[in-house]
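The numbers here are math on the coordinates, done by the rules we state, and not lab data. Model, not experiment: these values are computed from the prediction. Quick reminder, even Gly has a Cβ in these numbers, built from the backbone with ideal geometry, and neighbours come from all protein chains shown.
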Amino acid sequence: MQNGIQNFAHGFNLTAMSLTIDTHHHMLPDFFFEATNEKDNPVGGLKPHAWSIEGSLAFMDEMEIDIAVTSISTPGIEMRDRKAAKGLARKCNELAASMVSKYPKRFGALASVPMPNVDDAIEEITYALDVLKLDGVVLFTNAQGIYLGDQRMKPLFHELQQRKASVFVHPNASPDPVAHALGLTDNLIDFPGDTTRAIAQLHYGGTFAETPDVKFVFSHAGGTAPYLAGRMAIVDEMQIMGDSSATGTSAESFRRLYWDTALAWTDPVINHLRHIGGMDKVVFGTDYPYVRNDLAAKGRLTLKSNPDISPEDKEKLFSGNALDLFPRFDTH
């Protein structure tokens with residue numbers, strides 16, 4: 001691990017760089033992981049490294065990350081026992097709030113909510129944002145097969161719109177059993193696919209149009225959505241999904257969404273994001289503690305050394321755009 005970090009440091013002068021904010025940094029306490037994942041069959045197919053607050057801070061220090069905005073990971077909180085789900089969400093949020101209280105300049109936190117029960121989710125959002133003062137909300141592409149763009153989710157997004165909330169959307173496993181019968185891990189293809197399904201339904205179902213003040217961040221560069229942006233534009237032009245006068249075009253939706261670089265730092269992906277949304281909508285993410293430290297370092301170096309990203313855009317990518325989402329950290 002140290003060699004990877006040292007090579008990263010030798011490859012770029014970190015001391016010359018400005019603030020770095022990791023917007024895709026998971027908080028995985030044992031009580032959450034044990035309640036939501038099978039020990040030998042973790043959701044997504046990859047068991048993360050053991051997590052601790054001290055481990056997060058050590059990773060941040062080695063990578064010279066100033067601030068991490070924490071969130072739970074797959075499968076979120078979608079337990080069928082409502083009482084247990086509400087209790088788990090509250091426990092996660094209170095731990096997150098304690099981390100922010102102890103390290104206010106190092107950690108931000110996104111509120112966990114029990115899904116897909118909308119009333120329970122709104123109740124926890126109210127507590128997490130009003131009482132605990134967390135920085136936003138993490139949602140998952142689907143919960144028990146109900147996607148975020150489902151009409152039943154409208155009251156939840158009405159609440160988020162009223163709050164002008166920052167909402168981080170993370171992929172979940174597909175509810176389609178065929179997707180799990182191919183011998184392929186979910187994180188290989190299906191996680192990106194599920195993100196794309198969520199984006200498409202949120203757009204064509206009108207949720208994006210109804211939430212102009214919600215700041216959406218889609219993890220892993222939005223799955224396959226950037227690649228399919230041209231296809232969606234053709235669908236809009238042909239009105240295959242109906243008249244876009246109410247929802248706006250997919251291109252208009254893409255220009256207002258944010259996208260993180262976790263596992264998505266290569267030139268082709270960045271070029272797609274530049275064209276569909278602009279570099280003022282790209283934020284840095286590592287996917288800690290799932291990704292190996294040497295790969296996280298490689299990803300950061302790839303972005304820092306990309307000659308096609310201007311110094312001004314690099315500053316936006318590593319901190320400026322995140323400060324738009326989480327203004328608490330903007331001390332200027």
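Peptides 237-247, 281-291 ranked from most to least packed by the mean count of surrounding Cβ atoms within 10 Å: 281-291, 237-247. Legend: distances between Cα atoms for Lys154/Lys215; Lys47/Lys86; Lys91/Lys281; Lys102/Lys133; Lys164/Lys281; Lys102/Lys281; pairs beyond 20 Å are Lys47/Lys86; Lys91/Lys281; Lys102/Lys281. Magnitude of the charge dipole for segment 197-245, about its Cα centre and with charges confined to Cβ atoms of Lys, Arg (+1) and Asp, Glu (-1), is about 260 debye. Computed about its Cα centre, the charge dipole of segment 151-268 is approximately 320 debye, with only Lys, Arg, Asp and Glu carrying charge at their Cβ.
Placing +1 on each Lys and Arg Cβ and -1 on each Asp and Glu Cβ, with no other charges, gives segment 19-324 a dipole about its Cα centre of roughly 240 debye.
Looking at the square roots a ≥ b ≥ c of the eigenvalues of the Cα gyration tensor of segment 189-309, which shape do they give, rounded for a/c under 1.5, prolate if a/b is larger than b/c, or oblate? It comes out prolate by the Cα gyration axes.
Entry for segment 47-185 at q = 0.09, 0.12, 0.19 Å⁻¹: log10 I(q)/I(0) = -0.29, -0.52, -1.14, Debye formula applied to identical alpha-carbon scatterers, no solvent contribution. Selection among Thr126, Gly242, Ile199 by position relative to the dipole of the chain gives Thr126 as farthest towards the positive end (Cβ unit charges, Cα centre).
Sequentially through segment 105-118, phi angles give Karplus couplings (6.51, -1.76, 1.60; θ = phi - 60°) of 9, 10, 10, x, 8, 9, 6, 8, 9, x, 10, x, 6, 5 Hz, Gly and Pro residues having no value and appearing as x. Sorted largest first, the principal axis extents computed over the alpha-carbon atoms of the chain equal 53, 47, 46 Å. As a rough guide to protection, the peptides 212-218, 39-45 ranked by mean Cβ packing within 10 Å, highest first, stand as 212-218, 39-45.
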